[in-house]
Amino acid sequence: MDASAYSSVDPRDNGVWLLRDSALLTSIVEAAAQATTLSVTGTITERVKRGKKGDEKIVDGRTIDLSLTKNGSSWQARISAGKVSVNLIVVGQDAYVSGNVAFAQQAKLPEAAKGFVCLSKQDEAVTAWEPLTDPAALLRGLLLEVPTQASAPAPGKGTPETTLVSLGAPDEPLGQLVVEASGAPVPRSLKLADEHARVQLSIEPDATPTPAPASPEVPCS
């Protein structure tokens, strides 16, 4: 049965529990993509293989600290990934980037270590971070790039605001998603631990509009 065709006795039930696996996770990613405003904060610890071939072990790699706000076509992200820290702001067609010395050297933007540098939002210094700076792209990479089992329970009595989506097989749980139980199944939190990453994200529906920096080090031309 297709959740999009589901007619519930209680119209506040979005029928997300009728979906499974990639269909369920795709509906959640699409809901995040269509949300006008979202705030995402949390950490992602990459899991990597270490050791000699044939005797490799999966261990924790770098931890990424993320703070992301999306408000319409504008967004702001603060990211710390290993030795690199970066602050990105996109307003309209303009992007502003700043960061620590490691980022400035990596991006070949020495002025970025002193303050914001205005660029086109298509500049590589901006697009290189796309897997982390778009909520839908972030969730797609975490949930859909590797086949993941997912299911949600049928609703019980009452009108809960959220639904708990279990990730992984029942005997090998990987984590859980909390999503809206009515309307679009917009995610509210994600906990995940698999061979690729350890993830803990909090997702809020509101986001303060992102202003352009008042006095960038390198203004827009």
Can you give me the pair-distance distribution of region 99-221, C-alpha pairs, 5 Å bins, whole percents?
2, 8, 14, 16, 14, 12, 10, 9, 7, 4, 2, 0
For the chain, with +1 on Lys and Arg beta carbons and -1 on Asp and Glu, the positive-most of Ser27, Ile89, Ala112 along the dipole
Ala112
Would you mind getting the accessible area per residue of the chain, heavy atoms of the protein chains only, 1.4 Å probe, in Å²?
55 Å²
Can you sort Arg188, Arg140 by 1.4 Å-probe accessible area, starting with the largest?
Arg140, Arg188
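Counting Lys and Arg as +1 and Asp and Glu as -1, what is the net charge of the other residues whose Cβ lies under 10 Å from the Cβ of Arg188?
-3
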Does region 11-205 classify as rounded, prolate or oblate by the C-alpha gyration tensor (a ≥ b ≥ c root eigenvalues; a/c under 1.5 gives rounded; else a/b over b/c gives prolate, otherwise oblate)?
oblate
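Can you pull the percent of the chain's accessible area that's carbon plus sulfur, 1.4 Å probe, other chains left in place?
50 percent
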Please report the relative contact order for the chain, taking Cα pairs under 8 Å with a sequence separation of at least 6, and give it as a percent rounded to a whole number.
26 percent
Find, to one decimal place in angstroms, the Kirkwood hydrodynamic radius of region 1-121, where the mean of 1/r is taken over every pair of different Cα atoms and then inverted.
18.0 Å
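The values are calculated or read from the model by the stated rules, or taken from the named source; none is laboratory data. Please read all numbers here as calculations on a predicted model, not as lab measurements. Using ideal geometry, Cβ is built from the backbone for each residue, glycine included, and neighbour counts are taken over all protein chains shown. Note: accessible area is taken over every heavy atom of the protein model, side chains too, but ligands, DNA and RNA are not part of it. Shrake-Rupley method; radii C 1.70, N 1.55, O 1.52, S 1.80 Å.
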